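Report on the following structure.
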Amino acid sequence: MSGDRFVFLDRDGTLVEDVGYGHRLEDYALLPGVLEALHALRDAGFRFAIVTNQSGIGRGIFAREDYDRFHGRLLDDLDDAGIRIEHTYMCPHAPDAECRCRKPDPSSLFDARDRFGADLARSWMVGDHVKDVALAANAGCRGLLVLTGHGVEERLRLGETPVAAVVEDLGDATRHILQAVDI
Ligand SMILES: [Mg+2]
Ligand SMILES: [Zn+2]
């Protein structure tokens, strides 16, 4: 018996503009085409979770409350558009904290499998960093690198990291997923 197909979404540079440690509401901006892409995926039966590293908290650059306000705005906008995010996996730690929640550690996706019934082999992770597609590989799902955010620079650092495809943006990722999907 198989579970549900998920699209795991990086946040900064994939859903919203990446301004670097974004936490101020005045810096909040959804990227173009994001809502349309999520609607198309939703209508194809995908569920969603966000997986985001927010080391700005651990580094003392901004507070958890700033994150909550900024992220809450995103979740409100998605909710208003009929997009339900099952869960946000957020790592607040600095990279040297040796936690288990920072991408590309696959703990978050394993949790989504266990708690929400995500069928990882039929799921996707979309993000603009090498660590996003490395997370996909570590968790046994398929990774797409978008060229929004830091994607153009990150693409050059992919090395041996397995990636299903490099795509322009979330809209392009969606076309790729819907073409590949086994309905
Ligand atoms: Mg990102
Ligand atoms: Zn962490």
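The values are calculated or read from the model by the stated rules, or taken from the named source; none is laboratory data. Worth saying up front: this structure is predicted, and the values here are computed from it rather than measured. Ideal geometry is used to build each Cβ from the backbone, glycine not excepted, and the neighbour counts take in all protein chains shown. Side chains are part of the model used for accessible areas, which takes the heavy atoms of the whole protein and leaves out ligands, DNA and RNA. Shrake-Rupley method; radii C 1.70, N 1.55, O 1.52, S 1.80 Å.
Selection of region 26-35 for residues being open to solvent by 70 Å² or more (accessible area, probe 1.4 Å) and either free of Cβ contacts under 8 Å to residues at least 24 places away in the same chain or assigned to a helix (DSSP H, G or I) (or both) yields only E26.
Would you call R102 basic (K, R), within 15 Å of ligand 2 (Cβ to nearest atom) and either closer than 30 Å to A180 by Cβ or without any contact (Cβ under 8 Å) to a residue 60 or more places away in the chain (or both)?
On the way: basic (K, R): yes; within 15 Å of ligand 2 (Cβ to nearest atom): yes; either closer than 30 Å to A180 by Cβ or without any contact (Cβ under 8 Å) to a residue 60 or more places away in the chain (or both): yes.
When the stated conditions are applied, R102 passes them.
Taking the criterion of being closer than 17 Å to G33 by Cα and not polar (S, T, N, Q), the residues of region 136-150 that qualify are L144, L145, V146, L147, G149.
Selection of region 13-22 for residues being crowded, with 21+ Cβ neighbours inside 10 Å and either over 21 Å from L135 (Cα atoms) or within 16 Å of ligand 2 (Cβ to nearest atom) (or both) yields only G22.
Residue-by-condition table, conditions (1) modelled with pLDDT of 95 or more; (2) touching a Lys or Arg at 6+ places or on another chain (Cβ under 7 Å); (3) open to solvent by less than 50 Å² (accessible area, probe 1.4 Å):
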| site | (1), (2), (3) |
| --- | --- |
| R84 | yes, no, no |
| H93 | yes, yes, no |
| P106 | yes, no, yes |
| R113 | yes, no, no |
| H129 | yes, no, yes |
| V133 | yes, no, yes |
| A139 | yes, no, yes |
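For A97, the requirement of being touching a Gly at 6+ places or on another chain (Cβ under 8 Å), open to solvent by less than 30 Å² (accessible area, probe 1.4 Å) and within 16 Å of ligand 2 (Cβ to nearest atom) is not met. For region 175-183, the condition holds for no residue, the condition being that it is among the charged types (D, E, K, R) and surrounded by 15 or more Cβ atoms within 10 Å (Cβ to Cβ). Taking the conditions (1) part of a loop (DSSP other than H, G, I, E, B); (2) within 16 Å of ligand 1 (Cβ to nearest atom); (3) under 25 Å from T174 (Cβ atoms) in turn, S2 satisfies each one other than (2).
Within region 36-75, being more than 15 Å from the chain's Cα centre (by Cα) and open to solvent by less than 30 Å² (accessible area, probe 1.4 Å) holds for A44, S55, G56, F62, Y67, F70, G72.
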